1. Hand me the trypsin sites (Lys or Arg not before Pro) from the range 225-330 located in a DSSP loop with no more than 15 other Cβ atoms within 10 Å, in residue order please.
2. Using helices alone, what [θ] at 222 nm do you get for the chain, with -39,500 (n - 2.57) per DSSP H run of 4 or more residues, divided over all residues and rounded to the nearest 500?
3. Using Cα-Cα distances under 8 Å and only pairs 6 or more residues apart, what relative contact order does the range 354-443 have, in percent?
4. Where q = 0.15, 0.17, 0.20, 0.22 Å⁻¹, what log10 of I(q)/I(0) comes from the Debye formula for the range 193-299, counting one point per Cα?
5. Leaving ligands, DNA and RNA out of it, report the carbon-plus-sulfur percent of the accessible area of the chain at a 1.4 Å probe.
6. Considering only the chain, what is the antiparallel percent among its DSSP beta bridges, to the nearest 5?
7. Mind checking which lysines have their C-alpha under 22 Å from K424, skipping anything on the same chain fewer than 8 residues away?
8. Where does each of 467-473, 305-311 land if you order them by average Cβ count within 10 Å, highest first?
Amino acid sequence: MSTEYPEIKLYINGEWQDGAGGRGDDIVNPATEEVLGRVPFAEPGQVDAAIAAAAEAFPKWRDAGPDVRSEILLKTAALLHQRADEIGRVMTLEEGKSLGEAVGEVHRAAAGLEWNTEEGRRAYGRIIPSGPDEILSVRVTPVGPVGAFVPWNFPAGGPMRKISAALAAGNSIVIKPSEEVPATVSLIVRAFEDAGLPPGVLNLLFGVPDEISRTVIADPRIRFIAFTGSIPVGKHLAGLAAQVMKPVHMELGGHAPVIVCADADPVKAARSAARAKIVNAGQVCTSPSRFLVHRSIYDQFTAALTESIAAFKVGNGLEPGVQMGPMVNHRRLASVQKLIEDAVSRGATVTTGGEPIEGDGYFFQPTVLTDVPADAAILHEEPFGPVAPVAAFDDLDAALELANSLPFGLAAYAYTDSAATAEKLIAGYEAGILSINHCGGSLPQAPSGGFKESGYGREGGPEGLEGYLVTKRVSHKLRA
């Protein structure tokens, strides 16, 4: 086991504890396949204890008011900025992304906490004009204890989106992150603890996902569910919540199209898109993953994309100069390989990459597929890996129709020098996160979320706290 890696425990009602039944699983470094440590699994009694702690702590945290809450949360953010190098290194060990990406993610998570903290101070109601003997108002109040579930691909940013919104709005939370990357979130929880967060406001569980989710969602003490993950799991959890009429926020998978128009600079567009494609080895729900390029610039774009993708340095994220680390596990390798093989069997061409990298670790060559036919699975299934499939188009309306043809609608991108074309695509894209002339993702000050099967609800911006608050309409007659 690694001496650099912290011991993992559950955090319930302000106490760090082992799993009561001794169950757990190994934590594996995806770059070396070394066992880093072991993650404990919560038993049913511990899950119930976490829910009970959140329920007990909620009224006190709610009634503490925004000034008290803000002081603790902003102190936590400052500690995270100070500890970003340490936390980032641990993130690279357990998830694989390059150290620069990991440290940057910790800083962005802290910035998201800062933003939501200030938004919590601005959770305003309003006075509605009415008759002389009535005060008609709208008030907002915290929804109550939150249950949250997040995946492995952003070990700091994923949990912090839920934690920061819940706590800034005045709620308590029980969160179950991924068992594959438990140390990053544990160090984040430690920062909240060190900043003086009261016991029970934040509770951290690991364990068998279905066991915990069924219990947390069904419990009447939990008032809101927030989930980031795959569409099938999201539908399952939404169904569980529907059985008890519990509100949910769902940020689910995508398959982001990139339309490169005839008036775009093909080389600049390719270089920009390539940088976005290899972030976290393509294991990003907003990663550009379907490239539709106008035929007049297709050859120039694919040549530049191939050159850029082939030049990226792949390796252990802790090594200097590495730009892309491994995939998180062997299952991701196999899934990407299968999609590439299917595309090639249908006529696509591999211009660079296309294979796992031999040796230890779950490394895959950054890959470009050209002339990908419409029936290839990779154009219909989210690859979630470092693969860029490219196809040509002749008509922009047809390209937009193709981009919108899937049930996903999380992110979409376009490259064009025409403001009119950009506005046409902005109006026409069925996606909640749009970027023009770059493939940038989420920002704390702006809302992010999906259309169609990519989910509902928003994270970030003023909209990010809406699900964590309940609106009350109050009509106060001054005279009986």
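1. K313
2. Numbers: 12 runs with 182 residues, N = 480.
Dividing the helical sum by the residues of the chain leaves -12500 deg cm²/dmol.
3. Relative contact order of the range 354-443: 20 percent.
4. Debye intensities relative to I(0), on a log10 scale: -0.80, -0.88, -1.03, -1.14.
5. Reported share for carbon and sulfur atoms: 54 percent.
6. 45
7. Cross-link targets: K268, K452.
8. 305-311, 467-473
The values are calculated or read from the model by the stated rules, or taken from the named source; none is laboratory data. Everything numeric in this text was worked out from a predicted model, so none of it was measured. Virtual Cβ from ideal backbone geometry, glycine too; neighbours counted across all protein chains shown. All accessible areas refer to the heavy atoms of the entire protein, side chains included, with ligands and DNA or RNA removed. Shrake-Rupley method; radii C 1.70, N 1.55, O 1.52, S 1.80 Å.
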